[in-house]
Amino acid sequence: MKICRFNDNRIGIVRDDMVHDITPLFASLGEPGWPYPSYDWIIGNFPRVRDQIEPYLARAATLPLSAVTLRAPVANPGKIIGAPINYRDHIDEANADQQIAHGKTFTTLDQYGLFLKATTALTGPDGTVEIPFPERRTDHEIELGVIIGRKARRVPRERALEYVFGYCVALDMTVRGPEFPGFRKSADTFAVIGPWITSADEIADPNNLDFELSVNGEVRQKSNTQYLIFNVQRLIEYASAMYTLQPGDIIMTGTPAGVGPVQPGDVMHARVSGLGELTMRMAQP
């Protein structure tokens, strides 16, 4: 199942290049009360409507995929969690490039830890990525995005995939510099996800997905999630030992070698096998 958010915050199922509007199924659940939940309400309540979706599609309003504007498929994540150095070739790349390292020596993820991106950085495949400091280097980083489906605390890796709602293409945009990663990676539009969420049941092994990013038609990053140092299960175990994970939380799993600068006017194209692809243009605010 491919779940999208489109146009004026409608919820849809993408099938055969058509978008089936299932928003009325959620409308029947009522509105969340005050205080508003600290998680994504749609994803948190998805189990309540899941069994109704297939019968409803026959009468759902339908639009061609080409006729809708896709938004970030998660509207209100409580957290966006990043894994900064989770491919060995990127560790080597970072240690060799002082514009990335800035005097640091990167080792392994369990020594360096995770970081949080501001949720206001979130954007979808419907617009541009803004470069806030054109005088500084801004890099692309393609990643697998993992969307949490239910509350998770201290989850052992053996059960971690039970807590996954689905997966998406993710871009963890980065301004290079000496500041803490959570600051440099949290500019508006610096957390790109899309084009939709592919439900976890459709992905047999999230640790064996090919992915690729090109800039202006030139391939810069190409790898497979089998090379993750902390695989998806271990990342969920690690993150949930520190944070309570909530429905709609996003884990960006790390990027391989090939990161590089982008400028206003550049066009990035990112794809992950089984999850779709997205195209984003770089611009100044």
**Message:** Run lengths n ≥ 4 of DSSP H only: what is the helix-derived mean residue ellipticity at 222 nm for the chain, with -39500 (n - 2.57) per run over all residues, to the nearest 500?
**Reply:** -5000 deg cm²/dmol
**Message:** How large is log10 of I(q)/I(0) for segment 20-133 at q = 0.18 Å⁻¹ when the intensity is taken from the Debye formula with one equal scatterer per alpha-carbon?
**Reply:** -1.08
**Fill in**
Phi-derived 3J(HN,Hα) across segment 177-186 with the Karplus relation (6.51, -1.76, 1.60, θ = phi - 60°), rounded Hz, x for Gly and Pro, is x, x, 6, 4, x, x, 7, 5, 9, 10
**Request:** At a Cα cut-off below 24 Å, give the lysines reachable from LYS79, other chains included and same-chain residues fewer than 8 away excluded.
**Result:** LYS2, LYS117, LYS151, LYS185
**Prompt:** How much space per residue, in cubic angstrom, does the convex hull of the C-alpha atoms of the chain take up?
**Reply:** 129 Å³
**Request:** Describe numerically, in nm with one decimal, the distance between label points set 7 Å from Cα along Cα→Cβ at THR62 and at ARG157.
**Result:** 4.4 nm
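Got the relative contact order for the chain handy, in percent, Cα pairs under 8 Å and 6 or more residues apart?
After rounding, I find 25 percent.
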**Item:** In Hz, Karplus ³J(HN,Hα) per residue of segment 256-270 (6.51, -1.76, 1.60; θ = phi - 60°; x = Gly, Pro)
**Value:** x, 4, x, 4, x, x, 10, 10, x, x, 5, 10, 9, 10, 10
**Item:** Sites PHE180 and SER273 - FRET efficiency at Förster radius 51 Å, r taken between beta-carbons, to 0.05
**Value:** 0.95
**Message:** I'd like the FRET efficiency for ILE53 and ASP8, computed as 1/(1 + (r/R0)^6) with the beta carbon distance as r and R0 of 25 Å, rounded to 0.05.
**Reply:** 0.75
**Message:** Nothing charged except the Cβ atoms of Lys and Arg (+1) and of Asp and Glu (-1): what's the magnitude of the dipole of the chain about its Cα centre? Round to the nearest 20 debye.
**Reply:** 660 debye
**Request:** Subtract the Cα-Cα distance of ASP92 and TYR112 from 0.36 nm times their separation in residues, and report this length gain in nm to one decimal.
**Result:** 5.7 nm
**Asked** Amide H to amide H under 5 Å from VAL129: which residues, 5+ apart in sequence or cross-chain, H placed 1.01 Å off N in plane?
**Response** ARG281, MET282, ALA283
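Bear in mind that the values in this text are calculations on the coordinates, not laboratory data. Since this is a predicted model, take the numbers as computed values, not measurements. Note that each Cβ is placed from the backbone with ideal geometry, even for glycine, and that neighbours are counted across all protein chains shown.
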